[in-house]
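Novice: The structure that follows is given in the form of structure tokens.
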Amino acid sequence: MKVIDPSTGEHLTNVLDDSAELIAEKVAAARAAQPSWAARPVGERIEIMRAFRGWIVKKTDELAALLTSETGKPITQSRNELAGLLPRIDFFLDEAVATLADEVVLDDADAAGGGRLREVITHEPLGVIANISAWNYPYFVGSNVFVPALLAGNAVLYKPSEHATLTGLAIASMLNDAGVPVDVFSLVAGDGVVGAELLAHPLDGVFFTGSYATGRRIAESVASHLGRVQLELGGKDPVYVCDDVDVAAAAEGLADGAFYNNGQSCCSVERIYVHHSIHDAFVDRFVANVEGFVMGDPTDDATYLGPLTRADQADVLEAQVADAVAKGATVRTGGARVHGGPAGTAWFAPTVLTGVTADMAVMRDESFGPIIGIQSVADDDEAVRLMNDSEYGLTAGVYAVDQARATAVLRHMRAGSAYWNCCDRVSPRLPWSGRGHSGMGSTLSTYGILTFAHPKAWHLRTPS
């Protein structure tokens, strides 16, 4: 497998794909090693993960440069991802003991029938899980799974995206150096074919981050095993801008929410609905912000937009622009590839479309790139209807001065996360989940720790 720098087309290195035989060996080794890992006190597992955190801090500059080299993410954003990883790890370290502790839900000294009756819930690890991760935020989406999974006593077979394999290898190396046994956290390298080979084995859980189409195939392929399946999929995340906002502040915040990481985020703002009375003023300020973004060498601190990580995504974006224009939309800025880049790379100008309608692909299908449609709406009711007109349900936001008004809109949203005057934000304290084509299950928060454990019910009666 070739690793290519998406900004230069340079061949960085080769990584050997795991064979079917090697995958089978890794699954068997994980199965054998998991019980002893689970038998360690949770406090010991916490200290090992704390050591992993230490490696992240120590190697931040090196890790950021590596991430930028294989994904094209601007270096400042790579550093931001690593800095943002630390409070996520801290949350899991702080909450693991209490969340995984035994729960006494009844202690009746005078139970009917005599004796003392106690009811207790314990939490047992799932066993051996697959973590099939993503390239756009490999530290964020990976750690949402492998950190709590390891703390809960599971063994993890970690398959990074083929577009972030070097980062995956760095993660595995740091975890192993921190004290996680090699067979307890084992990396599986390769593309989708390798991932399918991994999932052919009966596993106790499969945790996938990626597209709806791939997530659905995974769910169907592992259904016969009846292991736990959790899917963190895409979004078509809408935001409504009310008529009482500070237009300049809303435009600035939403431009960043739509174009940060080149729009290659599952929770990037992908649709904007603006109250008709401020639509034109908002669009003008929004376009001005977007045209101020610096596109260039991702290793330069001044760069905000780099190349598309996957060059073939440019075809999707071109098709969405063509469809919108054919149906009457106007390209306010961008709208095409930026030509002149090295062969094998794809650079796409940040694109703003107005005059869009709900039947256009740019307002219905996930873009996962630097493109946004902005639509004028008559009132809050029309905004609610259009925002919910989607198969996805990851996030939804409202920009408004009046919290009661914003909350009234957000209560109608079929989405896992609701934002008031913010967007494209994830907190370790809050569950991350989706509706519809955006997935199933939750990561993060204490829910995201318990998802890696089975509850066991204990009925304990003392003889009378």
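Please treat every number below as a calculation from the coordinates, not as lab data. Quick caveat, the model's predicted, so the values are computed rather than measured. In this analysis, Cβ positions are derived from the backbone assuming ideal geometry, glycine residues included, and neighbour counts consider all displayed protein chains.
Novice: If you project the alpha carbons of segment 251-359 onto the principal axes, what extent comes out on each, in Å, largest first?
Specialist: 43, 31, 25
Novice: Given the Cα atoms of segment 222-270, and with Rh set as the inverse mean 1/r over their pairs in the Kirkwood sense, what is Rg to Rh to two decimals?
Specialist: Across segment 222-270, the Cα-based Rg/Rh ratio is 1.26.
Novice: Moving on to the next point. Is it possible to state the helix-based mean residue ellipticity at 222 nm for the chain, with each DSSP H run of 4+ residues giving -39500 (n - 2.57), the sum divided by total residues, to the nearest 500 deg cm²/dmol? What is it?
Specialist: On the way: 14 runs with 182 residues, N = 464.
It comes out at -12500 deg cm²/dmol, rounded to the nearest 500.
Novice: Using C-alpha positions alone, give me the convex hull volume of segment 132-200 per residue in cubic angstrom.
Specialist: That works out to 76 Å³ per residue.
Novice: Moving to a separate point now. Which values, in whole Å and largest first, are the semi-axes of the equivalent ellipsoid of segment 218-303 obtained as the square root of 5 times each eigenvalue of the Cα gyration tensor?
Specialist: Result for segment 218-303: semi-axes of 34, 21, 8 Å.
Novice: Let me ask something else. Can you divide the C-alpha Rg of segment 51-153 by 2.2 N^0.38 Å and report the result to two decimal places?
Specialist: That works out to 1.59 for segment 51-153.
Novice: Using bins 5 angstrom wide from zero, how does P(r) for segment 372-464 break down, in % of all Cα pairs?
Specialist: Using 5 Å bins, I get a P(r) of 3, 11, 17, 20, 15, 10, 7, 5, 4, 3, 3, 2, 1, 0, 0 for segment 372-464.
Novice: Here is a further query. Could you quote the convex hull projected area for segment 237-427, Cα atoms only and averaged over all directions, in nm²? Intermediate results must be reported in sequence, preceding the final value.
Specialist: On the way: hull surface 41.7 nm².
Projected over every direction and averaged, the Cα hull of segment 237-427 covers 10.4 nm².
Novice: Measuring from the lowest to the highest alpha carbon on each principal axis, how far does segment 23-95 reach, largest first, in angstroms?
Specialist: 41, 33, 17
Novice: Could you please tell me the mean projected area of the C-alpha convex hull for segment 296-401, averaged over all directions and given in square nanometres to one decimal?
Specialist: Across all orientations, segment 296-401 yields a mean hull projection of 8.7 nm².
Novice: Here is a follow-up. Estimate the FRET efficiency between Asp61 and Asp284 by the formula 1/(1 + (r/R0)^6), using the beta-carbon distance for r and 51 Å for R0, to the nearest 0.05.
Specialist: Plugging the Cβ-Cβ distance into 1/(1 + (r/R0)^6) gives 0.85.
Novice: Here is a follow-up. Once label points are set 7 Å from the Cα along Cα→Cβ at both Ala322 and Glu10, what is their separation, rounded to one decimal in nm?
Specialist: Result for the modelled spin labels: 3.4 nm.
Novice: Considering only lysines 8 or more places apart in sequence, or on different chains, count the pairs in the chain whose C-alpha atoms sit under 19 Å apart. If you can, show how the numbers build up before the last one.
Specialist: Working: Lys2/Lys73; Lys2/Lys159; Lys26/Lys159; Lys59/Lys73.
Pairs that pass both the separation and distance tests number 4.
Novice: Next question. Using all C-alpha to C-alpha distances in the chain, build P(r) with 20 Å bins and read off the rounded percent in each one.
Specialist: 24, 53, 21, 3, 0
Novice: What spacing in nm lies between the two simple spin-label points modelled at Val182 and Asn80, each 7 Å away from Cα in the Cβ direction?
Specialist: Placing both labels 7 Å beyond Cα along the Cβ direction yields 3.8 nm.
Novice: Which angle between 0 and 90 degrees, to the nearest 10, do you get for helix 313-326 versus the longest principal axis of the chain when only C-alpha atoms count?
Specialist: Approximately 40 degrees, to the nearest ten.
Novice: Taking amide H positions as placed in the peptide plane 1.01 Å from N, state which residues far from Glu366 in sequence (5 or more) or on other chains have amide H under 5 Å from it.
Specialist: Under 5 Å from the amide H of Glu366 lies no amide H from a residue far enough along the sequence or on another chain.
Novice: Round to the nearest 10 and give me the degree value, 0 to 90, for the angle of helix 42-58's Cα axis relative to the longest principal axis of the chain.
Specialist: Helix 42-58 sits at roughly 30 degrees to that axis.
Novice: A further question on this structure: Express in nm, to one decimal, how much length is gained between Ala109 and Glu25 on full extension, taking 0.36 nm for each residue of separation and deducting their alpha carbon distance.
Specialist: Separation in residues times 0.36 nm, less the Cα-Cα distance, equals 25.2 nm.
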